[in-house]
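Participant: This is the structure I want to talk about, given as structure tokens.
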Amino acid sequence: MPDLHSTRRPRTGTSVKRATNLSLSADVLEGAKQLNINISQICDNHLREVVRREQGRKWRLEHADFIGAYNASIEAEGLPLDEWKSF
């Protein structure tokens, strides 16, 4: 389970923070405040993960033709160095 109180950020290079407005459900916001949860950090961490997953999904879609052709080539011809494999 993630540390909800942490103010540490994952190391991803230099990142500048900017103030923004968010609309959150009142009950969730109140519960987070009562639990001393760092709302900005949680939102930043979760959004970072959502962006990472979406970038990966887009990359897979953009390269699906190449990946399919490569896999078909490996299936038809085997791996390039298979004949020298000792295991």
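The values are calculated or read from the model by the stated rules, or taken from the named source; none is laboratory data. What you see is a predicted model, and the numbers here were worked out from it, not measured in a lab. Cβ coordinates were reconstructed from backbone atoms using ideal geometry, including for glycine residues, and neighbour counts include every protein chain displayed. Side chains included, ligands, DNA and RNA excluded: accessible areas come from the protein's heavy atoms. Shrake-Rupley method; radii C 1.70, N 1.55, O 1.52, S 1.80 Å.
Participant: Quick one: what pairs do we get from the stretch 49-71, first residue in a helix (DSSP H, G or I), second open to solvent by 100 Å² or more (accessible area, probe 1.4 Å) and at pLDDT 95 or above, C-beta under 8 Å, 6+ apart or different chains?
Facilitator: From residues that are in a helix (DSSP H, G or I), the pairs are I67/R60.
Participant: May I ask you to list the residues in the stretch 1-28 that are of a type in the set (K, R) and at pLDDT 60 or above?
Facilitator: Once the filter is applied, which keeps residues that are of a type in the set (K, R) and at pLDDT 60 or above, the stretch 1-28 yields K17, R18.
Participant: Right, another one. Only one of N45, N21 is open to solvent by less than 70 Å² (accessible area, probe 1.4 Å) and either among the polar types (S, T, N, Q) or not in a helix (DSSP H, G or I) (or both); which?
Facilitator: Details: N21 fails: open to solvent by less than 70 Å² (accessible area, probe 1.4 Å).
Only one candidate qualifies: N45.
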